[in-house]
Amino acid sequence: MKIKYMKTLLFAALLLFPIFAISQATWGTKGGLNITTLGDFGSGNSPQLRIHAGFYYQQRVEQRFGLIAELHYSMQGARAANISRRFLAYNYLNLPILIKFYNSNDVYFEIGPQFGYLLFANLHDDGFTQNVTDQVKRFDFAGVLGGGKDTDFGNYGVRAGLGFTNTSGGSVGNVVVFRNIFLQLYVGFTLGQLND
């Protein structure tokens with residue numbers, strides 16, 4: 001499973017490399033808030049407010065089309081239904097690769113896949129913390145869509161994601177777990193530009 005996942009990731013990178021190599025690009029840092037939960041809609045788990053931070057590489061291929069690849073640390077998880085002191089904390093290294101569609105005012109719509117690798121996971125229950133990393137699938141795959149605006153300093157926007165991976169296939173510490181669902185509010189700051 002891990003080898004197949006890495007081959008898919010490598011194939012996606014090879015497809016994007018020629019596009020990245022032929023036109024100017026910007027890179028920078030970004031971060032913001034995560035509103036995350038776990039489960040299918042109606043599962044009963046409550047959302048948590050978390051954060052994400054990392055780096056991005058953005059390619060404006062033409063006036064109305066672009067690509068962005070990111071690598072960021074993302075805190076995700078959920079609060080158990082009806083139990084305010086019990087929550088799952090997932091910590092991922094995420095790689096979204098998104099297509100950006102622009103209008104004439106640098107406002108964009110973006111859509112694409114996100115690949116995630118679980119760094120560690122903890123179950124917090126009434127003051128006690130249990131490491132449950134071995135009970136959660138290491139690899140996560142999600143679909144992402146959002147919108148925002150490019151500015152002189154970088155960009156800002158909102159993004160929603162829905163996981164296609166059943167993160168555990170069961171429950172962790174009696175908290176039913178299904179898939180990652182998240183909403184992100186972010187700000188990015190340009191650190192450099194690469195020209196032809």
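Coordinate-derived values only; no laboratory data. Just so we're clear, the structure is a prediction, and the values are computed from it rather than from any experiment. So basically every Cβ, Gly included, is an ideal-geometry build from the backbone, and we count neighbours across all protein chains shown.
Side notes on the structure shown:
- Extension gain from K149 to F55, taking 0.36 nm per residue of separation minus the Cα-Cα distance: 32.1 nm
- Estimated FRET transfer efficiency when R0 is 25 angstrom, pair F189-T133 (beta carbons, to 0.05): 0.20
- Cα-centre dipole for the range 27-136 with unit charges at Cβ (Lys and Arg positive, Asp and Glu negative), debye to 20: 180
- Per-residue Cβ neighbour counts within 10 Å put D106, D152 in the sequence D152, D106, beginning with the fewest.
- Fewest-first sequence of T167, T151 by Cβ atoms within 10 Å of each Cβ: T151, T167
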